[in-house]
């Protein structure tokens, strides 16, 4: 009986683990990508930035994750220049790394201004195999 209570408590709290994991202040590593979806680690994976992961809903069931930099949009410009310089213009988009996944997430100034990069959309928690190049 105790085992059933433990399993029940775990299953009841499981959604909270995923919700809490989606929106939180964090630090992330940086990759540099190109419009084809190829990528490389910026400075061999030694660059981290602080910010907050958010979710933007395009409709009630379609969304994507993005990362707002604590240090602002100027940091995005610095990262973009580092990507272009390090990879001779082949990789032009700095992108935050969604830990242990192959999903694309862009940086953003705020919830209304998404910075250039690749985006992986999700529909009802199912990843669509659609990557969108945001050139704004």
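Key figures for this structure:
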item	result
Residue list for region 55-81, filter: surrounded by fewer than 17 Cβ atoms within 10 Å (Cβ to Cβ) and touching a helix residue (DSSP H, G or I) at 6+ places or on another chain (Cβ under 7 Å)	55
Residue identified as more than 20 Å from residue 60 (Cα to Cα), over 13 Å from the mean Cα position of the chain (by Cα) and at pLDDT 85 or above among 78, 97	78
Flag if residue 115 is without any contact (Cβ under 8 Å) to a residue 40 or more places away in the chain and in contact with a helix residue (DSSP H, G or I) (Cβ under 6 Å, 6 or more places away or on another chain)	no
Residue list for region 42-54, filter: over 13 Å from residue 105 (Cβ atoms), surrounded by fewer than 20 Cβ atoms within 10 Å (Cβ to Cβ) and in contact with a strand residue (DSSP E or B) (Cβ under 6 Å, 6 or more places away or on another chain)	45, 47, 48, 50
From the options 90, 86, 27, residue that is touching a helix residue (DSSP H, G or I) at 6+ places or on another chain (Cβ under 9 Å) and either within 15 Å of residue 118 (Cα to Cα) or loosely packed, with under 12 Cβ neighbours inside 10 Å (or both)	90
Among (1) closer than 19 Å to residue 41 by Cβ; (2) at pLDDT below 95; (3) outside any loop (DSSP other than H, G, I, E, B) - the single one residue 121 does not satisfy	(1)
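The values are calculated or read from the model by the stated rules, or taken from the named source; none is laboratory data. Here the structure is a predicted model, which is why all the values come from computation and not from measurement. We place every Cβ from the backbone using ideal geometry, glycine too, and count neighbours over all the protein chains shown.
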